[in-house]
1. Charges only on Cβ, +1 for Lys and Arg, -1 for Asp and Glu: so what's the dipole of the stretch B:18-155 about the Cα centre, in debye to the nearest 20?
2. With +1 assigned to the C-beta of every Lys and Arg and -1 to the C-beta of every Asp and Glu, and no other charges, what is the dipole magnitude of the stretch B:144-308 about the Cα centre in debye, to the nearest 20?
3. Specify the inter-centroid distance of the stretch A:189-266 and the stretch B:28-58, based on alpha-carbon positions, in whole Å.
4. Could you work out how far helix B:56-75 tilts from the main Cα principal axis of chain B, as a 0 to 90 degree angle to the nearest 10?
5. Give me the inter-chain shielding for A:42-54: mean count of other chain Cβ atoms within 10 Å, whole number please.
6. What is chain B's relative contact order, in percent, from Cα pairs under 8 angstrom and six or more apart in sequence?
7. Of the DSSP beta bridges with both residues in chain B, give the percent that are antiparallel, rounding to the nearest 5.
8. Go through B:117, A:96, A:115 and say which Cα lies farthest out towards the positive end of the charge dipole of the protein assembly as shown; charges sit on Cβ, +1 for Lys and Arg, -1 for Asp and Glu.
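Every number in this text was worked out from the coordinates using simple rules, so none of it is lab data. Since the structure is predicted, the reported quantities are computational estimates derived from the model, not experimental observations. All Cβ positions, even for glycine, are placed from backbone atoms using ideal geometry, and neighbour counts span all protein chains on display.
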Number of protein chains: 2
Amino acid sequence: MNEFELINKFFKPLATSKESFGLTDDVAKISLEPDEELIISKDLLAQDTHFLKEDGGYKIAKKALLSNLSDLASSGSTPFGYMLGFSKNDTLTHKFYEDFTQGLKEVQDEYDLKLLGGDTIRSKTLTFSITIFGKIKKGSALLRKNAKNGDSIYVSGYIGDSYLGLKNKTNKYFHDKHFFPSPRIKLGQELLKNNLSSCAIDISDGLLADLNHICISSNLSAKIQLDDIPFSKEAQTLLYTSKKTSKLDLIAGGEDFELIFSINKDSEEQINQLAKKIKINLTKIGEFYLDKEANTKVDLLDSKNNKIKTNTDGYIH
Amino acid sequence: MNEFELINKFFKPLATSKESFGLTDDVAKISLEPDEELIISKDLLAQDTHFLKEDGGYKIAKKALLSNLSDLASSGSTPFGYMLGFSKNDTLTHKFYEDFTQGLKEVQDEYDLKLLGGDTIRSKTLTFSITIFGKIKKGSALLRKNAKNGDSIYVSGYIGDSYLGLKNKTNKYFHDKHFFPSPRIKLGQELLKNNLSSCAIDISDGLLADLNHICISSNLSAKIQLDDIPFSKEAQTLLYTSKKTSKLDLIAGGEDFELIFSINKDSEEQINQLAKKIKINLTKIGEFYLDKEANTKVDLLDSKNNKIKTNTDGYIH
């Protein structure tokens, strides 16, 4: 299949907004309302680093777009479109293209996204790149640098299910958590709309590593309680029955695509109400503090408030 | 070198605008004036398809950014920033990083661009992706679909020098034309500002192939005169002395990153004046016409107006 057939048959049906010029041009356009600004995130994904070809087009595409959406979720913005860099070679089957575009289409439909444009190339190993666009009220983005001394630290959902799905692809629950994360778009939007938070990050490198990113950017330290970190029933059962996996493995695993966010202590009751409203588990796991020696560090504490030795670098892709 | 060292040492100095949040977040932001819209182009570049590792970081980075700027030039927009997807592996030396970022810096300085953000990954084969942003007056972009029946066809600069640089990297003139193209930003802006054109494309696939893209999008045919296609003095000398290379090779070669654009016949004198003003060779090579059978095709004619047999697909990456 040549580039033009590929675009016409598979990508054009995904590009129905006028911003994409029907994919006939090298460029796309975006307009904004006067009170809006654009939030952008870009991901690059390489075969054997981020995905295996054997995963198939559907899982590869869906996870790529969902995890990129997660970056927008952490800013609190409302996604609307993306550009796709797509590589192909002669090992790709017709079914791969079908599955890949089906995966994109499902995410587009769920999150009201459109393909705006991109680039199609040939390469020996597969590589994909997504640049995703969201809109937000001017100057309002949730940012890593905005955590305040004394803020409570919250995390959404459960930690470690994606890691368990990477290790054990035959368990459907964990498998789906690994390949089909739930970008917390609604949560980011609600935190922003209700002025509940000004600082969030999505967990890609691992809970400790990403919390550490907030600490560095906000010039604060964090202490979190191991016993407060939320694990799914399924993960708890596995931790109980298997000696091979520990809670620390789950925390370091990464790719949870949950949000870590900061909250003023006075807002905790509102967070409980928000959790019920949007039906997402929101758990307080600790707090930010100003270290006397101006260090920025993340302390993980056991039930007796003793520090657990960890590698805050967590999982680096 | 880990990802954070790489970002802090090499990429942060390129990201000096507030839109990039100092590269501390996963996202960047962009604002627009009420009468502006954003023009976006995205390229994906793979080792051994678009570049050789032996080309070195300087040439790879510079050509990547310059050729992406050429997409913006074809829209008539004014570039201001880009997102970078960067892959690395253990074969990259400190010098590669230095050279790569030096190449980016030189293009940034020449075209008043800033790095806004991006993604850094590990991959066995190198892959880079650039998403570039320009601003334009709302609704004014030069587009492939806007050519009109009877419009004259113009091309900027000279055709084939880049192809000759690919074939013969020891000739400095051709080498530089291949690795350091001149995106025709100023030309696109002037065509737009002076209402001289509404249709342009940059030559990446080859003069015939890219002219064919305009024909398909505008539902027109084109006839161009081989004798009118502009070749540099250096290329003419080579054509004269070497029997191995023909004009048709140069036309099909691609990666000229010159603009093909349409002009109302009445505006030809203004184009001549513009060429003098911006000191870029602008040459009329033919015209668009409405084929009676509603075909869209590109006819290349010899001095006796006979059709030369060509493959309009030209060079497909």
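1. 280
2. So the magnitude is around 300 debye.
3. What the calculation gives is 33 Å, centre to centre.
4. Tilt of helix B:56-75: around 50 degrees.
5. Mean partner shielding for this stretch: 5.
6. Relative contact order for chain B comes out at 22 percent.
7. Around 75 percent of the beta bridges assigned by DSSP in chain B are antiparallel ones.
8. Sorting the options by dipole projection puts first A:96.
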